[in-house]
Amino acid sequence: NYYQNMPGNNHTLAKESRTERGTISTYDGVILAQSVQQEDGTYVRSYPNGNLAAHVVGYVSQQYGTTAIESVMNDTLTGSKDYSSWNNAIASLAGQTQPGNTAKLTIDSRIQSAAEQALSGMSGAIVVLDPRTGAVLASATAPSYDNNDVDASISATEESGVSMYDRATQALYTPGSTFKVITLAAALDTGAS
């Protein structure tokens, strides 16, 4: 079962291509990824809002597997472990194929768009958190990639303006700028101006 659930297992990916993956959407209802049925009965991923939050959403590829939310939430998105109702639980335990469930992120599409626009033409990352809950409201990385064309994105280099490297989660930064947020949160909490 461990090998069957690996993100790059081609047999599992081929089987999942016949399953309608659930939608990935933002907190404010913007669809980031959805499945579109092909004439042969298989499904392919579509990104109706372009590459908004590409590094957060990730991709589904027959050749390269899955990444990011597409990987982490794979069981939910494929409906393979759906215990949301008795009927779904029985179908899941019996191994029956059923449509996947929606994954609704805490990302706010307006904040995400603003963060991506702020990084336009530069290299870097922006992460915006809700200080009350810790919810991620935006996670932008530049340069980004086209999750509709993963093959070209993976073969491209940063010199061509494309990067699979998620600077928001994979890069290391000095703590100086990080502590400004903590200082600001403490100031807001105490009412200091």
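The values are calculated or read from the model by the stated rules, or taken from the named source; none is laboratory data. As the structure is a computational prediction, the values presented were derived from the model and not from experiment. Heads up, the Cβs are rebuilt from the backbone with ideal geometry, glycines too, and the neighbour counts pull from every protein chain shown. Accessible surface is based on the protein model in full, side chains and every heavy atom, while ligands, DNA and RNA are left aside. Shrake-Rupley method; radii C 1.70, N 1.55, O 1.52, S 1.80 Å.
Given a 1.4 Å probe and the protein chains all in place, what does the accessible area of residue 116 round to, in Å² to the nearest 10?
60 Å²
For residue 72 and residue 165 in the same chain, what is the full-extension length gain: residue separation times 0.36 nm, less their Cα-Cα distance, in nm?
Going from the current span to full extension adds 31.8 nm.
Using a Förster radius of 35 Å, what is the FRET efficiency between residue 149 and residue 128 based on their Cβ-Cβ separation? Nearest 0.05, please.
0.80
What does the highest-first list of 62-69, 49-56 look like by mean Cβ count within 10 Å?
Put in order of decreasing packing, that is 49-56, 62-69.
Using a Förster distance of 35 Å, how high is the FRET efficiency between residue 63 and residue 110, based on the Cβ-Cβ distance and rounded to 0.05?
Details: r = 34 Å, r/R0 = 0.97.
Plugging the Cβ-Cβ distance into 1/(1 + (r/R0)^6) gives 0.55.
Please compute the net charge surrounding residue 111, taking Lys and Arg as +1 and Asp and Glu as -1 over other residues with Cβ under 11 Å from its Cβ.
Local charge sum for residue 111: -3.
Length gain on complete extension for the stretch residue 184 to residue 42, per 0.36 nm per residue less the alpha carbon to alpha carbon distance?
Residue separation times 0.36 nm, minus the Cα-Cα distance, leaves 46.1 nm.
Amide H of residue 20 versus every other amide H placed in the peptide plane: which residues, excluding those fewer than 5 positions away on the same chain, fall under 5 Å?
Hits under the 5 Å cutoff: 100.
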